[in-house]
Amino acid sequence: AIDLGSNSIRVLKYNCKKDLFVGEYSQTVSTADGLKQTQNISKSALKRIVNAIKNSITKLSYNPKKAVAYTTAALRLAKNSKESLEYIYRKTGVKSEIIDAQKEAYLTLYAVKTALKRHNLYQNRFITVDIGGGSSEIIIHNKSNIKIKSFDIGLVTLTQTSKKEKEIVLKKFRKSIT
């Protein structure tokens, strides 16, 4: 599985038949670098992504055409997302799907629940805050009641936002959680 985020890429190799963790790879690729100003994924970010995927293939020995790959906020927001994904596919063989914020949050929830279970920790009530490069999600899990709120602001996009825009975003954030 490949998670191409707005700041980093994470690759997990897992043997589902044996329920066995095989290996993982992560690298900072700064996918959203410059996105706020240009509304596009830059050529330099695409090169970093391609290099990271190639490095992960070498390290983990997997077939890129069989990988399940998701992309998140940066490619959701980019005007050139289709061209960017086509470029990544041509260079690596990895075909990615852009997922919405809701699916991103549910995958995060699933990962947290799985990790808690693996460590024999209580998993019925918890709060998770996922601060990404281009978006952030707050997940409140109370038994079967799940509340999710996603924000189109992350560490990369926030650092590239003007002071006035930051004030607007923070005001919206405060209003939505009260």
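A few remarks follow.
- Computed [θ] at 222 nm, deg cm²/dmol, the chain (DSSP H ≥ 4; -39,500 (n - 2.57); rounded to nearest 500): -13000 deg cm²/dmol
- Greater than 26 Å apart at Cα, pairs in LYS103/LYS175; LYS17/LYS66; LYS65/LYS113: LYS65/LYS113
- Computed extension length for LEU121-THR58: 19.2 nm, one decimal, from 0.36 nm per residue of separation with the Cα-Cα distance subtracted.
- Which label in (1) -0.53, -1.14, -1.60; (2) -0.61, -1.12, -1.36; (3) -0.69, -1.02, -1.22 gives the computed log10 I(q)/I(0) by the Debye sum over Cα atoms at q = 0.12, 0.17, 0.20 Å⁻¹: (2)
- Here r is the Cβ-Cβ distance between TYR89 and PHE21 and R0 is 25 Å; the resulting FRET efficiency, rounded to 0.05, is 0.40.
- Dipole magnitude for the range 52-119: computed about the Cα centre from +1 point charges on Lys and Arg Cβ and -1 point charges on Asp and Glu Cβ, it is near 260 debye.
- Charge dipole (Cα centre; +1 on Lys/Arg Cβ, -1 on Asp/Glu Cβ; no other charges) of the chain amounts to roughly 120 debye.
- As a fraction of the 1.4 Å probe accessible area of the chain, surface on carbon and sulfur atoms comes out at 54 percent.
- Each label point was placed 7 Å from the Cα along the Cα-to-Cβ direction; for VAL169 and VAL129 their separation is 1.5 nm.
- Amide H contacts under 5 Å for ALA69: ILE2, GLU97, restricted to partners 5 or more places along the chain or on a different chain, H placed in the peptide plane at 1.01 Å from N.
- FRET efficiency, 1/(1 + (r/R0)^6) with R0 30 Å, evaluated for SER144 and ASN40 via beta carbons: 0.15
- Taking all protein chains into account, the per residue accessible area for the range 25-102 stands at 55 Å² (1.4 Å probe).
- Per-residue Karplus couplings for the range 63-69, computed as 6.51 cos²θ - 1.76 cosθ + 1.60 with θ equal to phi - 60°, are listed in order as 8, x, 6, 9, 6, 8, 10 Hz, Gly and Pro entered as x.
- Karplus 3J(HN,Hα) series, Hz, for the range 12-24 with 6.51 cos²θ - 1.76 cosθ + 1.60 (x for Gly, Pro): 10, 9, 9, 8, 5, 5, 9, 6, 9, 5, 9, x, 8
- Under 5 Å, built H, 5+ apart or other chain: amide partners of GLY154: SER135
- Straight-distance crosslink candidates among aspartates and glutamates, where the alpha carbon sits under 20 Å from LYS82 and sequence neighbours closer than 8 are dropped: ASP3, ASP33, GLU97, ASP100, GLU104, ASP152
- Here the gap between THR159 and LYS79, fully extended at 0.36 nm per residue and compared with their Cα-Cα distance, gives a gain of 26.8 nm.
- The residue list ALA111, PHE21, ALA78 was ranked by how far each Cα lies along the charge dipole of the chain toward its positive end, using unit charges on Cβ atoms, and PHE21 comes out on top.
The values are calculated or read from the model by the stated rules, or taken from the named source; none is laboratory data. All values reported here derive from a predicted model rather than from experimental measurement. Cβ sites come from the backbone with ideal geometry, for glycine too, and all protein chains shown count toward neighbours. Ligands, DNA and RNA are stripped out before the accessible areas are found, and what is left, the full protein with its side chains, is counted by its heavy atoms. Shrake-Rupley method; radii C 1.70, N 1.55, O 1.52, S 1.80 Å.
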